[in-house]
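See structure below.
The values are calculated or read from the model by the stated rules, or taken from the named source; none is laboratory data. Everything numeric here is computed off the predicted structure, so don't read it as measured data. Because the Cβ atoms are built from the backbone with ideal geometry, glycine has one as well, and the counts that use them run over all protein chains shown.
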Amino acid sequence: MSRQRDINTYIVTALNANTQGLKFNLYYKYGINDGEFAELLINSTYVEPNDEAEDVKILYDGIETSTIKGNFEIVKTKYIPCIIEGFDARFEPLDKEKIISYSIPVSFFVDEKSNANNNDIFTTAIEEIQDTIRGTISTIGDYNSFINHGAITPISGLIEIGASEEDVRTFRAYQMTFYIELTNNGYFGRQIKYEIQNDDLFEGLKTEIFPLDKSTGRTIEPLGRQVFDTDTTHEYEIVSVPDISAFSLEIALLYDGDELTKHFLQEKYNIRKPKVYSISVFFPDKSVGVEFTDNYILESVTGPEGLGDKIIFSLSFVKASDKYNG
């Protein structure tokens, strides 16, 4: 299946996962089943099995057009049509690896007359969909993908569609852009998982944390300059012999008042000896993943606390000695 068809399927599935009862369709439905004509805001009539073995008569404008033999019932479903306006893609110029960034504007058409609250319901459903897909990692076809979205905005005034004055229906059009990054053989930063353990946290149980950002650092202090004879030609070069190495880990957390962030708020003002934490880092892998676990000392907790500032802690950890238990 093509990438664009897989993206189509992902988008319509994500839209229809809303809990407001709104149904979205990327295709124009026509009449009975999926094949023949209906309207822009689709009132689709189709058949589903039921428990009564009766013939079902299909009527159009009150005139019988066909009869279906067997166990069926007539079901009418209303859709909000949506149209993918295009696939704006940027391809990284790589050989074997595929990294593709899509910008996909999707237009929606909401019937003004079908329900006085339709626009409110539509806006609520879209906001719910946005909250669900924002920053998510998903699989689209054979690709690892990172999903984001833009704002939902009106794209025109009211649109009138209909063959006669009696048939005219009024629609309001909106547009939202999906941002989808695909890779066939790579991973995203949000797929790296962190777990932390300390006797003062969650009854000493290992707990997953969700950093806003993270970084690592490593420094090496070499011995004084060393000169070595590199080969039989007696040519010499200056090399470094490591003497002292240090590793640091920085994690940014948004303060939300839960047990974890309250703990680090307390540690920010703790003037006693620093605590030791066991931190595990899990990198995704095609098989079972790669895990690194070590003990760290919480060296510092910094972050703004001014009026209007989001409280984001920057936690700086350094490797702990096996002889230090906090």
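Things worth noting here:
- Restricting region 145-196 to residues that are of a type in the set (Asp, Glu) and at pLDDT below 80, the residue that is nearest to Phe283 (Cα to Cα): Glu160
- Ile196 meets all of the listed conditions (1) closer than 17 Å to Leu315 by Cα; (2) assigned to a loop (DSSP other than H, G, I, E, B) but one, namely (2).
- Residues considered: Asp285, Asp309. Of these, the only one that is of a type outside the set (Phe, Trp, Tyr), assigned to a loop (DSSP other than H, G, I, E, B), without any contact (Cβ under 8 Å) to a residue 24 or more places away in the chain and exposed (fewer than 10 other Cβ atoms within 10 Å of the Cβ) is Asp309.
- Test: residue in region 257-277 that is under 30 Å from Asn144 (Cα atoms), at pLDDT 75 or above, surrounded by 11 or more Cβ atoms within 10 Å (Cβ to Cβ) and touching a strand residue (DSSP E or B) at 6+ places or on another chain (Cβ under 6 Å): no
- The conditions of being surrounded by 14 or more Cβ atoms within 10 Å (Cβ to Cβ), in a strand (DSSP E or B), assigned by TED's automatic domain parsing to the domain that holds Ile84 and of a type in the set (S, T, N, Q) are met by Ser145.
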